[in-house]
Structures are given as structure tokens and as C-alpha cells.
Amino acid sequence: MSKLSFFLGCIAPNRYPCIEISTKKIMERLDVKLEELEGASCCPAPGVFRSFDKTTWLSLASRNIVLSEEIGNDILTVCNGCFGSLVDANLMLKEDAALKEDVNKMLSEIGREFKGTQDVRHIVEYLFQEVGVESIKNAVTNPIDLKVAVHYGCHLVKPSKERHLGNAENPTFFDELVEATGATSVDYEDKMACCGAGGGARTAVLDTTLHMTSNKLDHMVAAGVDCIVDACPFCHLQLDVGQTEIKKKFDKEYGIPVLHYSQLLGLAMGFTPEELGIDMNFVDNSKFIEKIRGGVK
Amino acid sequence: MSDTIKTSNFSQEFREEIFEEPGADKIALCFNCTGCSSGCPMTEQEPEFNIRKFLRMANLGMKDELLNNTYIWYCTTCYKCQERCPQGVHNVDALLKIRTIAVHNGIMLPVHKKVGQLVVNYGHAVPINDATKEKRKKLGLDEVPPTVHSFPDALDEVKTLLHIAGFDKIVAKEEEEK
């Protein structure tokens, strides 16, 4: 049985705990043991805290990694932002001895040391590369007949040099995982477009980022999808809470259900929408839930 | 009409500081192909956000103009431009470095300061709230997650690191202005 530390980050546990519980449920089914990473903090958010002060960003990121080093686990993230922060920090510290020394001077003040022994994984790339599409298919008991708009998000695949996940312009691994559940990944215009949330932009200029989100939602609607499936709680928030903000600010209503991949796979494994918290989005998902109750083959 | 650029205002020091960021030095190789800005999803929404222009300004050392340009905070860090740059410029990393220099010159959006204060106080940029506690309980999770939220000693460690890095001072509330 594989064993990983479950790095929660901020938005999953503190806004969308449905992603946290769904991840636990599906990983248990797949025989991947998740251990809580007790005392972990914000990753911290790459575009924001790395912008402000790189030393701060590295010190908190390295502490999070060290917590997992100390129990000998690789880290599992369910968020593109956490993945971006921790992968980049881990790599920088592994490759730059002088930087590592500086960071370790700081960490020594709290009695810790970065050694560079562990890796950082994202649930989607982990499922694709370590568990494999065939094993996922085998774990599916209730194939889902849904048309899905897959949203990769940016930091899962970019910068591609540090991710080793192939072509960032037109990747397919996430689509393959979605289709393993029985769903159809529907192509839509400008599919790899950013949700708009990152880099502190949502905080700084909400309305402008919502126009980006609205563009993306328009393209999904035009493709006739039943729901969005994403890989990141921050994209999730921008796409879900964003719809309620767009309705209020621009008087435009979409009503598209937003699911994290862990929730889609959970449905295909036979968990109920309530067990996976699909009824807890800010957009009202009740019609969608009715549909999947009737439509799950 | 554009203002005339005064070469006497260029800061070689500023340019060099940006170039310390790995891949930012490649800005010197930019031949203005506009591949970065023409594909930028933020430029599509807000034409004043122009990463090509910002990095050209960086190459000239236009410190004051750049640090006080409010649009440097619009980038969502989607990395599309950095992926596509034919000269291998680390566009986004360079922009983040420009932001860092701004922050260390006391230029920071108040809303970003607030997010920074949340990390200083709670160890999370997005801390728990009552509505989420309810949801957690309903899902069978502990009401409060097993992060710094549940471990005061862990939060103290975070605070110690932020203090050593000087981050608590960076995001400290400004003194009330009259």
C-alpha cells in the first residue's frame, strides 16, 4: 500500500471540505493510504506570497515539506496552487545548496531542517502516473454518463519545465482520468484558459477576473456541458462562487455545477452526492443531483 | 500621446536586481515579438496590463514608472506567456520579482496586506469560518482541520518564521493617516 501525507492547504479544508472528504474516500478505495499532515499551514499561495517576499514564501513552504520529510512521506496536494508552491520550493531547495543553507538557518530557529528527501505530488498527476487509468476504470462501479468540461487550471501543468507532464498547450491526462469514470470530456473553446483567480488578482481586481471567468463559462455553455470538473479548490471557488458574483454584478446566470475530480470519481465509485458534499456548492446543484441520481447507470 | 522617456531616470541597479531572478536576465534578448501579450487572457480584459511593455520597461530600468504602475498587480500568473516566449524569458517570474521590489519599497495594495495579515495571524490565507465548520461536521470531518488551526505550537512556528523573514513588518498596518 502506498502512503502519502495529505496536504490540505487553505481553501479545501476552510471553504470546500467536500474536496477533503472526497479525496479521502477515493484514495481509500484505491488502496492509497493518506496520513494527516498535522500542523501544516498555508502553502503559501505562490502568486501572492512569492510576489511579496520570496524568503517568506520559501520559509513556510519548506516547513510544510519538512513536516512530511519527518514522517518519511511524499506529499499529496489536491490544489494547483499548493502543488505549484511546494513543487517549485522543493526543487529550488534541492538544486541550490546556498539557498538551502539560508532556509535551514531559518528553520533551525524552530528546530527543523530541510533535507530534500521527499517529492510533492498532485492528486490528478498521481492518479494518472502512479495508479493508472486502467486501475481507475477497474475501481468504477457506477459509470457516470455526463458531458464534462475539464478545467486543468494553470499551475498543474505550468511552468511545464518543472512539472514533467508533457505538453502544457494541449494535455490529455486529466481528460483520460475523467473518461475513465464513464463521462465524456467535451472539447470547448480556449480550454486551457485560466479561471482568473490566481496571482492575487482575485483579491486585487475581482470584477476584471470575473470577466475572465465569464468568458470561460460562456465557452463551456456553448459546448453543452453538464458540469465542470477541476483539479484545484481555488479554481473551484472562482468558478463556483464566481458564478454567484457574476449573477449579482453582471446579471448573468449560468448555474453550472462545479466538481473536483475527487468528487466525480467518488460518484463513479458509488458514493452518494451528499457523502461527497456535491450539495454544498454556492451554486445550487439540486437539479444536477436529481439528474445523476436518475442517470447513473 | 506618449510621454517622452527620460534616460536620466533609468536605474541600472533596478534592472540588475530584476535580472537576479533566474530567467529574468533573458529580458535582454526580447525582440518584441508580442507573443506574450497577444495571448494574455488578462490583456484581453484589461489592455493596460501589458507584460511585454512592463518587461521592456524593466530592461530600461524604469523603476518609478513600473513600481507605481497599478497594473503590475493584475497578472494571474497563468504562465501562458512564459511557456510561449521564444527567447525563454521567465516573464511571470520577472513580474513577481518586480512586485517583490515594489513591496520592499513600501508599495502594496491594502487588500493584499490584509491577506498577508491573515497568514501572520492564523497561518492560513483563507482561515476557517462558521459556515465551513458546519459543512465539515455534516461530512463527518473534524469541525476544525488538523492544520495550524488545531495546533497552537505549529502556529507559533509559523509566526516565528514570518517574524524572522520580516514578513510581519511588511504587512503591518500602516499608521493611521490624518
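Structural remarks
- The accessible surface of region B:110-170, taken with every protein chain in place and a 1.4 Å probe, is 54 percent carbon and sulfur.
- Each residue, A:E36 and A:T244, gets one label point 7 Å from its Cα in the Cβ direction; the gap between the two is 2.7 nm.
- Peptide-level mean, for A:70-79, of C-beta atoms on other protein chains within 10 Å: 0
- Neighbourhood charge, 10 Å Cβ-Cβ cut-off, centred on A:D226 and excluding it, Lys, Arg +1 and Asp, Glu -1: +1
- Averaged over its residues, region B:87-150 has an accessible area of 40 Å² per residue, based on protein heavy atoms and a 1.4 Å probe.
- Fluctuation leader among A:P46, A:P143, A:P171 - chain A, Gaussian network, Cα springs under 10 angstrom: A:P171
- Surrounding net charge for B:E16, when Lys and Arg each add one and Asp and Glu each subtract one, Cβ distance under 15 Å: -1
- With every protein chain in place, chain A: carbon and sulfur % of accessible area (1.4 Å): 46 percent
- Rounded, prolate or oblate (a/c below 1.5 giving rounded, otherwise prolate when a/b exceeds b/c) for region A:133-295 by Cα gyration tensor: oblate
- For chain B, the relative contact order is 20 percent, taking Cα pairs closer than 8 Å that sit 6 or more residues apart in sequence and dividing their mean separation by the residue count.
- Average other protein chain Cβ within 10 Å of Cβ, residues B:157-169: 6
- Listed values for region A:151-162 are Karplus-derived 3J(HN,Hα) couplings in whole Hz (6.51 cos²θ - 1.76 cosθ + 1.60, θ = phi - 60°), namely 10, 5, x, 7, 7, 5, 10, 10, x, 5, 4, 8, and x replaces Gly and Pro.
- Our summary gives region B:110-170 a relative contact order of 31 percent, counting only alpha carbon pairs under 8 angstrom and 6 or more residues apart.
- Annotation: A:I256 carries an accessible surface of approximately 10 Å², with a 1.4 Å probe and no ligand, DNA or RNA atoms counted.
- Over 21 Å apart at the Cα level, from the set A:K3/A:K54; B:K6/B:K53; A:K24/A:K247; A:K54/A:K100; A:K161/B:K80; A:K137/A:K158, are A:K3/A:K54; A:K24/A:K247; A:K137/A:K158.
- Note: relative contact order over chain A, using C-alpha pairs below 8 Å and six or more positions apart, is 20 percent.
- Free-standing Cys, the protein assembly as shown [no other Cys Cβ under 4.7 Å]: A:C10, A:C18, A:C42, A:C227, B:C30, B:C33, B:C40, B:C75, B:C85
- Between chain A and chain B, the total buried accessible area stands at approximately 5200 Å², from heavy atoms with a 1.4 Å probe.
- Shown for region B:15-107: the carbon plus sulfur share of the solvent-accessible area, taken with all protein chains present and a 1.4 angstrom probe, equals 45%.
- Counting heavy atoms of the protein chains alone, A:H211 has an accessible area of about 80 Å² for a 1.4 Å probe.
- Of the residues making up region A:13-36, those losing 40 Å² or more of accessible area when the isolated chain is joined by the remaining protein chains, with a 1.4 Å probe, are A:N14, A:R15, A:P17, A:I21.
- Surrounding net charge for A:V66, when Lys and Arg each add one and Asp and Glu each subtract one, Cβ distance under 12 Å: 0
- With a simple spin-label model that places each label point 7 Å from the Cα along the Cα-to-Cβ direction, the separation between B:C33 and B:K137 comes to 5.8 nm.
- Built amide H within the under 5 Å cut-off of A:S2, gap 5+: A:K33
- What chain A shows is 35 Å² of accessible area per residue, with the surface traced by a 1.4 Å probe over protein heavy atoms.
The values are calculated or read from the model by the stated rules, or taken from the named source; none is laboratory data. Owing to the predicted nature of the structure, the values given are computational and were not obtained by experimental measurement. Note that each Cβ is placed from the backbone with ideal geometry, even for glycine, and that neighbours are counted across all protein chains shown. These accessible areas exclude ligands, DNA and RNA; they are computed on the full protein's heavy atoms, side chains included. Shrake-Rupley method; radii C 1.70, N 1.55, O 1.52, S 1.80 Å.
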